Amino acid sequence: MQYKFSMYNHYGTLRNGSVLIYNVLSSAVAMMSPKEFSSIHKAVPLDAEAELFSAALEMGFVVPAEEDELSKVLALRNANNFSDKRAGFQILPTTGCNARCFYCYEQDFKPCTMTRETIDSTVEFILSYCENMEEVNIAWFGGEPFTCENYIAEISKRLTTEFDRRGTKYFANVITNGALISTKNIDAIVKDYRISSAQITLDGRGDKHLARKGFLDKSVSYHLILNNIALLTRHNVHVMVRINVDRANLEDCLSVFDDLAALDADTDNLWPYVAPLYSDKSKPNQDCFRHDELSDVFVKVYKKMIDTGFIQTVNGLPMNFSNATCCAKMLNNFVISPEGDISKCEHLLNVPDEVIGHVSTGIVFNSAMAKWCDSSISEQCKTCSYLPVCQAGCTAAETRGFGFGRCSYIAFVHDAVIEAANYLLERSEE
């Protein structure tokens with residue numbers, strides 16, 4: 001059999017002379033000598049290197065010559081996006097918020113909160129739609145969803161009671177600013193709402209974070225948010241701490257890792273990561289980094305994560321993400337607004353043409369729904385070596401003109417990954 005070097009390999013030569021290689025489809029990572037890499041790159045198995053080649057084949061660095069890697073990625077993508085075994089619902093009980101983040105795409109939305117009728121219809125719609133589903137995923141979003149915690153409590157109880165009776169697996173997560181979490185509601189969050197993961201955003205350290213968040217309640221402090229993050233992790237909630245960076249707060253954000261490392265937290269449940277703030281073509285923000293600046297930015301980020309223990313091995317570098325699909329492209333994934341409108345993408349809640357139904361009447365397979373269910377991808381994506389990472393990227397970003405278009409920032413930080421690997425190895429030798 002003949003073989004070829006995978007189109008989804010990424011690699012670089014380290015300062016110690018070895019070659020770091022990672023494959024974004026298989027998520028495999030390895031370091032090897034230049035001679036070994038040359039053999040793998042040629043994809044010609046030699047008897048003397050049978051063991052090496054066997055390992056490379058198993059890790060996906062080489063594949064059979066006749067394998068259509070693109071079609072394989074698309075097949076896996078479609079199997080995930082069009083599964084009839086699970087459904088997901090992003091529920092916004094309100095678009096009201098206790099903060100005023102300057103970059104929030106909802107800042108022009110009219111604040112709205114669910115009515116009693118919408119709550120009842122939302123529960124009935126989800127239960128009816130998921131009649132034959134094996135798994136249901138609920139994502140609480142807003143605004144700040146915990147400003148309507150009583151709605152979360154009621155909807156969660158009604159859904160979990162029925163899904164437990166049916167034997168349907170139920171999972172929930174939340175996107176929150178973390179200010180309204182406390183020892184008073186942590187048991188309900190975990191046991192009643194069954195929230196097993198949370199995303200909390202930090203925009204800097206101390207006063208910098210508070211200034212950028214603009215909390216209406218001035219008693220909210222940076223340390224309150226940190227303590228709430230730790231509280232969640234100790235109750236076995238996996239917390240993804242999204243650290244939003246731009247030119248104005250990068251150095252300050254690097255110090256956030258020191259604060260997170262010092263928390264009394266269950267570190268197995270704590271995953272901080274940095275995300276560049278995106279500029280919008282309709283409202284340009286000169287503080288946002290260009291894509292060609294991101295590698296320099298992430299060199300600093302990854303080195304700080306290494307210094308604070310959040311990256312401890314080469315395999316821990318953020319280079320092996322795969323199959324991170326856009327929820328909007330999944331057939332059975334929907335966003336439910338406070339008014340009860342159903343759409344596919346939370347970024348397009350204020351676009352009437354994106355509405356595909358209402359919780360009181362159900363879903364209509366209209367042109368908007370058809371667009372999101374289209375499994376085709378652009379020619380640019382077909383030839384991109386990062387396709388398994390972004391799964392053809394963000395349609396909303398491309399059509400609405402924000403961020404780096406369709407592309408994920410991860411496609412621009414390869415040099416930072418290689419430099420971080422150098423730094424990690426050199427630290428281990430000290």
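The values are calculated or read from the model by the stated rules, or taken from the named source; none is laboratory data. Remember, it's a predicted structure, so these values are computed and weren't measured experimentally. For neighbour counting, all protein chains shown are included, and Cβ atoms are generated from backbone atoms with ideal geometry for every residue, glycine included. SASA here: full protein model, heavy atoms, side chains in, ligands and nucleic acids out. Shrake-Rupley method; radii C 1.70, N 1.55, O 1.52, S 1.80 Å.
General observations
- Failed item in (1) under 27 Å from Thr325 (Cα atoms); (2) in a helix (DSSP H, G or I); (3) open to solvent by 70 Å² or more (accessible area, probe 1.4 Å), with Ser156 passing the rest: (3)
- Residue selected from the range 159-175 under the condition open to solvent by 10 Å² or more (accessible area, probe 1.4 Å) and in a strand (DSSP E or B), by the criterion farthest from Ala87 (Cα to Cα): Ile175
- Residue that is surrounded by the fewest Cβ atoms within 10 Å (Cβ to Cβ), among those in the range 104-139 that are among the hydroxyl-bearing types (Ser, Thr, Tyr) and out of contact with any strand residue (DSSP E or B) (no Cβ under 7 Å at 6 or more places or on another chain): Ser128
- Look at the range 332-353: where a residue is assigned to a helix (DSSP H, G or I) and a partner is open to solvent by 30 Å² or more (accessible area, probe 1.4 Å) and basic (Lys, Arg), sitting 6+ places away or on another chain with Cβ atoms under 9 Å, you get His347/Arg400; Leu348/Arg400.
- Just one of the listed residues (Ala421, Ala416) is closer than 29 Å to His291 by Cα and in contact with a Lys or Arg (Cβ under 9 Å, 6 or more places away or on another chain), namely Ala416.
- At least 3 residues being within 25 Å of Asn422 (Cα to Cα) is the threshold, and among the helices (runs of 4 or more DSSP H) wholly inside the range 207-309 those reaching it are 250-261, 294-307.
- Cross-chain or 6+ apart pairs with Cβ under 8 Å, the range 93-112 first and over 17 Å from Trp140 (Cβ atoms), then assigned to a loop (DSSP other than H, G, I, E, B) and of a type in the set (D, E, K, R): Cys101/Asp203; Gln107/Arg100
- Given (1) surrounded by fewer than 16 Cβ atoms within 10 Å (Cβ to Cβ); (2) among the acidic types (Asp, Glu); (3) modelled with pLDDT of 95 or more, index of the condition Asp280 fails: (3)
This table checks each residue for (1) among the hydroxyl-bearing types (Ser, Thr, Tyr); (2) touching a residue at least 40 places away in the same chain (Cβ under 8 Å); (3) more than 20 Å from Lys72 (Cβ to Cβ); (4) open to solvent by 70 Å² or more (accessible area, probe 1.4 Å).
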position: Ser6; (1), (2), (3), (4): yes, yes, no, no
position: Asn16; (1), (2), (3), (4): no, yes, yes, yes
position: Ile21; (1), (2), (3), (4): no, yes, no, no
position: Leu25; (1), (2), (3), (4): no, yes, no, no
position: Pro34; (1), (2), (3), (4): no, no, yes, yes
position: Ala43; (1), (2), (3), (4): no, yes, no, no
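- Residue match in the range 276-289 (condition: hydrophobic (A, V, I, L, M, F, W, C) and under 19 Å from the mean Cα position of the chain (by Cα)): yes
- Scanning the range 360-371 turns up one or more residues that are over 30 Å from Ile418 (Cβ atoms) and crowded, with 19+ Cβ neighbours inside 10 Å.
- Scanning the range 188-219 for residues that are touching a residue at least 40 places away in the same chain (Cβ under 8 Å), open to solvent by 50 Å² or more (accessible area, probe 1.4 Å) and not aliphatic (A, V, I, L, M) yields Ser196, Arg205, Lys208, Asp217.
- Any hit, the range 356-367, residues being in contact with a Ser or Thr (Cβ under 6 Å, 6 or more places away or on another chain), more than 22 Å from Ile126 (Cα to Cα) and either β-branched (Val, Ile, Thr) or in a loop (DSSP other than H, G, I, E, B) (or both): no
- The single residue among Val256, Val245, Val239 that is in contact with a Cys (Cβ under 7 Å, 6 or more places away or on another chain) and either among the aliphatic types (A, V, I, L, M) or modelled with pLDDT under 95 (or both) turns out to be Val245.
- Residue match in the range 217-234 (condition: of a type in the set (Val, Ile, Thr) and farther than 21 Å from Trp140 by Cα): yes
- Being closer than 30 Å to Val417 by Cβ and either surrounded by fewer than 19 Cβ atoms within 10 Å (Cβ to Cβ) or more than 20 Å from the chain's Cα centre (by Cα) (or both) holds for only one residue in Pro318, Pro338, and it is Pro318.
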